1. Can you order the peptides 79-86, 138-145 by their average number of other Cβ atoms within 10 Å per residue, highest first?
2. Do any of Lys152/Lys261; Lys143/Lys233; Lys200/Lys261; Lys143/Lys200 go past 22 Å between their Cα atoms, and which?
3. How far is it, in nm, from the label point at Arg207 to the one at Ala70 when both lie 7 Å from their Cα along the line to the Cβ?
4. Given N residues in the range 138-286, what is Rg(Cα) / (2.2 N^0.38 Å)?
5. How far apart, in nm, are the 7 Å Cα→Cβ label points at Leu187 and Gln220?
6. Report the local net charge at Thr258: Lys and Arg +1, Asp and Glu -1, summed over other residues whose C-beta lies under 13 Å from its C-beta.
7. Set the Förster radius R0 to 45 Å, insert the Cβ-Cβ distance between Ala122 and Leu175 as r into 1/(1 + (r/R0)^6), and round the FRET efficiency to 0.05.
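Read-outs: derived from the displayed coordinates by stated rules, not from any lab. None of the values given here were measured: they were computed from a predicted structure. Note that each Cβ is placed from the backbone with ideal geometry, even for glycine, and that neighbours are counted across all protein chains shown.
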Amino acid sequence: MSTAAVIAIAIGVVVVLGAISFFTLARRSDVRGAGALSGETVQRDRAARKQHDGVVDAPTASEVEAAGVAARSTAVEVRPQAEVVEWTPPDPEMIGVTRRQFFNRATVSLMGVGIGAFAAAAFVAFLWPSGTGGFGGLVTVGKVDAINAGIKQGNGFFYVPEARSWITAYPADALPLAETVYVESLLVTMRDGYTIMSQKCPHLGCRIPQCNTSQWFECQCHGSQYNRNGEKKAGPAPRGMDRHPATISTAGVLTINTGVKVAGPPIGTNTTGQEAEGPHCTGGEGKH
């Protein structure tokens, strides 16, 4: 081994031994760092201050905890029982009505009265027939010249949808017999040459159409047949077609009173003697 190696090993051993010695001395020393005091020095300084100032140290955390455990009691504290007072409802007159309650009740009451009045008025208006205008009241048809043209154009039949009625021409030579059958309110227009009939069949209320071939009214529901003036000829209907009275003004305007219905003539009435003028549109009384 060379001399240099021996010297290096020797130096390493010296350094290690020196480090071990330094750490050993540092652990045994009371010094905690630069400027730090040892525990013994602190205790001596605290004792000197007590003697000089007469100050008592504050208790430590462990001392406080021990004192709390010693003072803790497991005894149950008994509180005096409260006196129970019976509840008495307040006098409504003493409470009165607040402003909010007053307005709420007034609003609800007014709304209820308004809705009730509207419903009652609507119900009465629905059930009560109108005195003027529209079906159920007076329906103005028009001037007789226009009605005559309508009858001619309809091949003997003129329908008024607003009045739900039929108008046909009534022959003047049949008036003497008609006056023995019909009431005066119907004869007024019959004398002027018009028969005015409800569109509803007296049997079950079906709308009765005209039959252009037979020149009769023939119900498509159950086969009831009536001549052109609504007098029953066949079928299950209990009478002739019902009528509406009408008037003709001095200006020649015909108005039908659909608010009044007169029962049709009894079975067997045939004031005009009109028979079927061609094939029937229904099967007659054989159809039910």
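1. On the way: 79-86: 5.4, 138-145: 16.8.
Packing order, densest peptide first, comes out as 138-145, 79-86.
2. Pairs exceeding 22 Å: Lys152/Lys261; Lys143/Lys233; Lys143/Lys200.
3. In this crude label model, Arg207 to Ala70 measures out at 11.3 nm.
4. Here the Cα radius of gyration is 0.96 times the empirical estimate.
5. About 3.8 nm, to one decimal.
6. Numbers: positive: Arg164, Lys200, Arg243, Lys261; negative: Glu162, Asp242.
Charge balance near Thr258 sits at +2.
7. Calculated transfer efficiency: 0.45.
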